[in-house]
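Working notes, structure below.
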Amino acid sequence: MEKIRIGLIGAGMISSKHLASYQKIPEAEVVAVCSRTRQSAERCAQQWNIPEACTDIQALLARDDIDAVDICLHNNLHAPVTIAALNAGKHVYCEKPLAGSWADGKAMLDAAERAGRTLHIQLGFLYRTYARAAKRLIDGGALGEIYHARTVGFRRRNRPYVDGIYGKDFVHKEFSGGGALYDFGVYHISLMLYLMGMPKPLRMSGCQYQQIPMDEARRAESGYDVQEMGVGFVRLDGGRSIDVFETWAVHLDKMDPGTLLGSRGGVKLDPFSYHTTMCDLELDCTGDLEKMEERWQHTHPLEYAYSNSEAHWIAALLGRVPMIPTAQLALDTLLIQEGIDLSGQLGREVSAEETIAASRPTAMQI
């Protein structure tokens, strides 16, 4: 059996999720793990039965027994490590978001094109059952012409570190690049762009907020300097639009799910429902997504390649399915996020061109 031999860079919480997926993919073989410390690398290697552990990224990239690398580092380390890996002739799978800034993300896509290698970004919501159900309805014409979408990322009070989850690096711009709009919103914005057929962002407006009280000692200890909520409105080509609501903390009990609106029907994503008018009657429909998933996995030989991001990456590298353009989706998402951020700073709507001109590298050195 042909295998893709993988070098894992980063041995933290996120890497465990990737490794759990690889264990279910016979064609994936993780041959080495690299981390900042020998202790963390060896701990990961022992836990996941990885043959070699190291702390030298360049040494790992120089190995000729590695076809591809999986990068599980903090956001502002994505660009330098990805570009180094591409320049070394490796295919790259990188955690979300693409980078800390559009400028860094564009450099990553340019490096992949120059190297003739694949750059895949972890946009895990593309593979969720409700997303695949919506895609099937869209491809079948059930929504007609999609003209508007709404993204919703809702947490009542679950900011990283200060509210007790995850680590400090999630709330420090030096590592993360941004707050909820970047960390949380990347999943929802990229999914809507994907389902809408990847229209290009043209103009953005919005604001970001940090208003909910937090423990001041934990704020100081973490260096918390990101926003907990981002809201915005995005004008897309073809007269389409997206409104964005992404929050880690807000005084509400719940919010409606993300939605897609089309000329023939509309979809709510989670919980999933489809809405249309037929024979002059308004219809609201649900679906058995559990049965759908079971049936599709048994009746469509390549459906497994859309079950999660890691399975898709390996199947695409083996030429079994075309790669979803996750790198471009992630770059367009970054453009929207930076545009909303810039709009909030300037107090007006901004264009995509203006946002690109204002984007600056935020990448850390390796």
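Structure above, values below:
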{"read-out": "Part-to-part distance (alpha-carbon centres) for the stretch 165-205 and the stretch 99-155, which is given in Å", "value": "11"}
{"read-out": "Heavy atoms of V30 accessible to a 1.4 Å probe, total area in Å² rounded to 10", "value": "20"}
{"read-out": "Å³ per residue enclosed by the Cα convex hull of the stretch 142-222", "value": "131"}
{"read-out": "Cβ crowding within 10 Å averaged over residues, with 63-72, 184-193, 39-48 ranked highest first", "value": "184-193, 63-72, 39-48"}
{"read-out": "Mean accessible surface per residue for the chain, computed with a 1.4 Å probe while every protein chain stays in place, in Å²", "value": "45"}
{"read-out": "Quotient of C-alpha Rg and 2.2 N^0.38 Å, computed over the chain", "value": "1.00"}
{"read-out": "Net charge, R156 excluded, C-beta distance under 11 Å - Lys, Arg +1, Asp, Glu -1", "value": "+2"}
{"read-out": "Carbon/sulfur fraction of accessible area - the stretch 134-216, other protein chains in place, 1.4 Å, %", "value": "49"}
{"read-out": "Solvent exposure, largest accessible area first (probe 1.4 Å, DNA, RNA and ligands not counted), of K96, K24, K135", "value": "K24, K135, K96"}
{"read-out": "Sequence ranges 328-336, 269-277, ranked by mean other-Cβ count within 10 angstrom, highest first", "value": "328-336, 269-277"}
{"read-out": "Separation of the R156 and E2 label points, Cα + 7 Å toward Cβ, nm", "value": "5.0"}
{"read-out": "Cβ-based net charge around R36, under 13 Å, with every Lys or Arg adding one and every Asp or Glu removing one", "value": "-1"}
{"read-out": "Sequence ranges 281-294, 224-237, ranked by mean other-Cβ count within 10 angstrom, highest first", "value": "224-237, 281-294"}
{"read-out": "Simple Cβ-charge dipole of the stretch 213-366, Lys/Arg +1 and Asp/Glu -1, about Cα centre, in debye nearest 20", "value": "420"}
{"read-out": "All aspartates and glutamates inside 14 Å of K24 as judged from Cα atoms, apart from same-chain residues fewer than 8 positions distant", "value": "E310"}
{"read-out": "Rounded Å value of the spacing that divides the Cα centres of the stretch 1-57 and the stretch 350-366", "value": "32"}
{"read-out": "Extension reserve of the D65-A357 stretch, reckoned as 0.36 nm per residue once the Cα distance is removed", "value": "101.1 nm"}
{"read-out": "Largest-first ordering by accessible area, 1.4 Å probe, given options M196, M323", "value": "M323, M196"}
{"read-out": "The stretch 19-26 - phi-based ³J(HN,Hα) in whole Hz, Karplus 6.51/-1.76/1.60, Gly and Pro as x", "value": "5, 4, 5, 4, 4, 9, 10, x"}
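The values are calculated or read from the model by the stated rules, or taken from the named source; none is laboratory data. These numbers come from a predicted model, not from an experiment. All Cβ positions, even for glycine, are placed from backbone atoms using ideal geometry, and neighbour counts span all protein chains on display. Quick note on the areas: whole protein, heavy atoms, side chains included, nothing else; ligands and nucleic acids left out. Shrake-Rupley method; radii C 1.70, N 1.55, O 1.52, S 1.80 Å.
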